[in-house]
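> Shown below is the structure under consideration.
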Amino acid sequence: MWTITTSKSAQLEHLCEPLYQSARELLGCLQVTAENSNIDRIEHVQALLILAIYEFTHHTFQRGWMSAGQGIRLVQLMNLHKIDLNKEGRAGPDEASGLDDPVCTEERRRVFWIAYILDRLISLRHESPLTFDERVIATRLPAREEAFQMGQLNQMTGFLSKAITEDGPLPKAELSEMVILATLCGRTVLHRQQAAAEQADCGISNSFWERHRRLDAILVKKGQVISTLQPVATMMPAELASLIPNLMIQSALLYHCTTLQLLADGIESSEMVLQCRQRAILAAQEIIRLTEAVLQLNYFEIAPFTPLPVLLCAKVLMMYQDTDPSCVLQLQEVLGMVQNLANTNHLCREWAIQHPDLFGSESDFVHIEEESHG
C-alpha cells in the first residue's frame, strides 16, 4: 500500500522503487518459508494483486502479469470463487471457511472480484485465455462501498449470473459495476477465441452466430444505459466515475465488432462485416472523445488500466486504415494520445516501444528503451 500511495504523490515518488523492492523481497521470503502454513492468507493475495497493479503501470506488462497470476492462483487455492456456496452445494455462507464475521467474508469477496477484474483486463490486453469461468462462480457481488466501510452488511447482494442480465442501471462508481463491465469484456474475448478455434477446426458454426447476436444485444443495451445515465460531456471536466464505465463498454463493443472482421474469410455475408466495421469505427470515435476527457485529468487521477481502450482503438484503426481514409487521421490523433499517456503510464510506453514505426524519428520514443535501461 505504501508503494501505491507514494506513486500517487509527486513529493514522495522517489520512495516508490525502494518500497516496491522491499515488498517484492518480503513476498519472495513468504513463498519460500511459508510452504503450506501461511501461503493462503488473504493479506498475501492482496499484496500480490496490489503489487501487480503497480507493476503494470510502472514496470512491464509481463512482470505485472506474473504477479497477478500468482495472486489469481492463490485465489483459486482458497476457493474464493465459491464463498457463498455451503458444503451441501446450496447458496449460502461457506461453513468450511470458518468465517462468521460478515466484514471478513466481504473482504474475501472483494479480493476475489479484484482478481477477477484483473484477469479480464489482462485477457483484453493480451488476448490470453481467461482464468476464471464465470459459469461456476458462487460468490456474491461485492456490497456497496459505504456499507462495507461502515460494516453494515445485512443486505445480501446478488450473483453475477443474474445481475448481468438485468435491464436496470448499473450501481454507479461501485465495484459491482466494474465486475459486470469486466465480465462483458471477458465475454467478447472468449467469443473471439472460441470462434477462432471453430474456424480452424470446422468453420464458422451456427453456435457462433447465436453467441454473437446474444452478446451483441447485451452490449448494445448496456451501452445505451451507461451513456444515458452516466453521460460524459466534452466541454466540462469529466468525473472518473463516469469515464471508466463508458470507456469499458465502448471497448467491449469495439472488440466485439472487430471479431467479424478478423473472421471475414469464413463469413459469407460481406454486408454484415461492413456493418460491424462501421460500428467499430463509431466505437473508436467515442473512445477518442472519452480519452480527450481523460487527458484533462491530473495524471495521479488516471486509473492504471485507463489507457487500455485507446491502445485497443489504435490497433483497430491500424487494421482499417488501408481501406478507410478517415481512419488515417483518427489513428494519428490516437497516437498523439498514446504519446501523451506514455509519459506517465508504462502500458502505453511499452506499446509505443513495440511499435516504433508509428512514431516519427524525432519522437521521444526513439530513445525510450535506452533510457529505461540507463
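The values are calculated or read from the model by the stated rules, or taken from the named source; none is laboratory data. This is a predicted model, so every value here is computed, not measured. Don't worry about glycine lacking a Cβ; one is built from the backbone with ideal geometry, like all the others, and counts go over all protein chains shown.
> If I filter the range 143-171 down to residues being under 15 Å from Arg110 (Cα atoms) and of a type in the set (Gly, Ala, Ser), which single residue comes out as surrounded by the most Cβ atoms within 10 Å (Cβ to Cβ)?
Ala143
> Do you know which residues across the range 158-208 are over 14 Å from the mean Cα position of the chain (by Cα) and among the polar types (S, T, N, Q)?
Ser161, Thr165, Gln193, Gln194, Gln199, Ser205, Asn206, Ser207, listed by residue number.
> Still on this model: Show the residue pairs that are 6+ apart or on different chains and have beta-carbon atoms under 6 Å apart, the first residue being within the range 300-314 and under 13 Å from Trp351 (Cα atoms), the second being assigned to a loop (DSSP other than H, G, I, E, B) and of a type outside the set (Phe, Trp, Tyr).
Pro307/Asn345
> Separate question: Among the residues of the range 315-330, what is the count of those that are in a helix (DSSP H, G or I) and touching a residue at least 12 places away in the same chain (Cβ under 8 Å)?
Residues of the range 315-330 in a helix (DSSP H, G or I): 315-320, 326-330.
Filter once more, keeping what is touching a residue at least 12 places away in the same chain (Cβ under 8 Å): 316-320, 326-327, 330.
Going through the range 315-330 one residue at a time, the tally reaches 8.
> Mind checking whether some residue in the range 64-81 is modelled with pLDDT under 95, farther than 19 Å from Phe132 by Cα, of a type outside the set (Ser, Thr, Tyr) and not in a loop (DSSP other than H, G, I, E, B)?
No, every residue in the range 64-81 fails to be modelled with pLDDT under 95, farther than 19 Å from Phe132 by Cα, of a type outside the set (Ser, Thr, Tyr) and not in a loop (DSSP other than H, G, I, E, B).
> Does Ala303 qualify as being within 20 Å of the chain's Cα centre (by Cα), of a type in the set (Gly, Ala, Ser), under 20 Å from Ala238 (Cβ atoms) and in a loop (DSSP other than H, G, I, E, B)? Before the answer, list the steps.
Working: within 20 Å of the chain's Cα centre (by Cα): yes; of a type in the set (Gly, Ala, Ser): yes; under 20 Å from Ala238 (Cβ atoms): yes; in a loop (DSSP other than H, G, I, E, B): yes.
Against the criterion (within 20 Å of the chain's Cα centre (by Cα), of a type in the set (Gly, Ala, Ser), under 20 Å from Ala238 (Cβ atoms) and in a loop (DSSP other than H, G, I, E, B)), Ala303 qualifies.
> Among the numbered criteria (1) of a type outside the set (S, T, N, Q); (2) touching a residue at least 60 places away in the same chain (Cβ under 8 Å); (3) farther than 30 Å from Ala217 by Cα, which one does Pro102 miss?
For Pro102, the exception is condition (2).
> Identify the residue in the range 156-179 that is part of a helix (DSSP H, G or I) and charged (D, E, K, R) and, among all such residues, is nearest to Val136 (Cα to Cα).
Kept after step one, since they are part of a helix (DSSP H, G or I), are these residues of the range 156-179: 160-163, 175-179.
Filter again for charged (D, E, K, R), leaving 162, 177.
On the way: Lys162: 13, Glu177: 20 Å.
Residue satisfying both the conditions and the ranking: Lys162.
> Taking the options Ala195, Ala182, name whichever one is touching a His at 6+ places or on another chain (Cβ under 9 Å) and either buried (at least 21 other Cβ atoms within 10 Å of the Cβ) or not in a helix (DSSP H, G or I) (or both).
Details: Ala182 fails: touching a His at 6+ places or on another chain (Cβ under 9 Å).
So the residue among Ala195, Ala182 that is touching a His at 6+ places or on another chain (Cβ under 9 Å) and either buried (at least 21 other Cβ atoms within 10 Å of the Cβ) or not in a helix (DSSP H, G or I) (or both) is Ala195.
> Separate question: Considering only residues that are more than 25 Å from the chain's Cα centre (by Cα), modelled with pLDDT of 75 or more and of a type in the set (Gly, Ala, Ser), look in the range 1-34 and name the one that is nearest to Tyr54 (Cα to Cα).
For the range 1-34, the residue satisfying everything is Ser22.
> Can you name the number of the only condition in (1) at pLDDT 95 or above; (2) not in a helix (DSSP H, G or I) that Asp100 fails?
(1)
> Here's another thing I want to ask about it. Is it true that some residue in the range 40-61 is modelled with pLDDT under 80, surrounded by fewer than 16 Cβ atoms within 10 Å (Cβ to Cβ) and farther than 26 Å from Leu311 by Cα?
Yes: one or more hits.
> While we're on this one: I'd like to verify a number: residues in the range 117-142 that are surrounded by fewer than 12 Cβ atoms within 10 Å (Cβ to Cβ) and within 15 Å of Met66 (Cα to Cα), how many? Full working, then the answer.
Quick first cut of the range 117-142, residues surrounded by fewer than 12 Cβ atoms within 10 Å (Cβ to Cβ) only: 129, 133, 135-136.
Cutting the leftovers down to within 15 Å of Met66 (Cα to Cα) gives us 129.
Going through the range 117-142 one residue at a time, the tally reaches 1.
> Starting from residues that are among the aliphatic types (A, V, I, L, M) and at pLDDT 95 or above, keep the ones in the range 179-216 and report whichever is nearest to Thr259 (Cα to Cα). Give the derivation first.
Here is the first cut: in the range 179-216, the residues among the aliphatic types (A, V, I, L, M) are 179-182, 184, 189-190, 195-197, 200, 204, 215.
Still in the list and also at pLDDT 95 or above: 179-182, 184, 189-190, 215.
Details: Val179: 23, Ile180: 21, Leu181: 18, Ala182: 18, Leu184: 14, Val189: 9, Leu190: 11, Leu215: 12 Å.
In this case the residue turns out to be Val189.
> When you scan the range 111-123, do you find a residue that is more than 23 Å from His44 (Cβ to Cβ), touching a Gly at 6+ places or on another chain (Cβ under 7 Å) and modelled with pLDDT of 90 or more, even just one?
Going residue by residue through the range 111-123, those that are more than 23 Å from His44 (Cβ to Cβ) are 123.
With touching a Gly at 6+ places or on another chain (Cβ under 7 Å) added as a condition, the list becomes 123.
The next check asks that each one be modelled with pLDDT of 90 or more; those that pass are 123.
The answer is yes; a qualifying residue exists.
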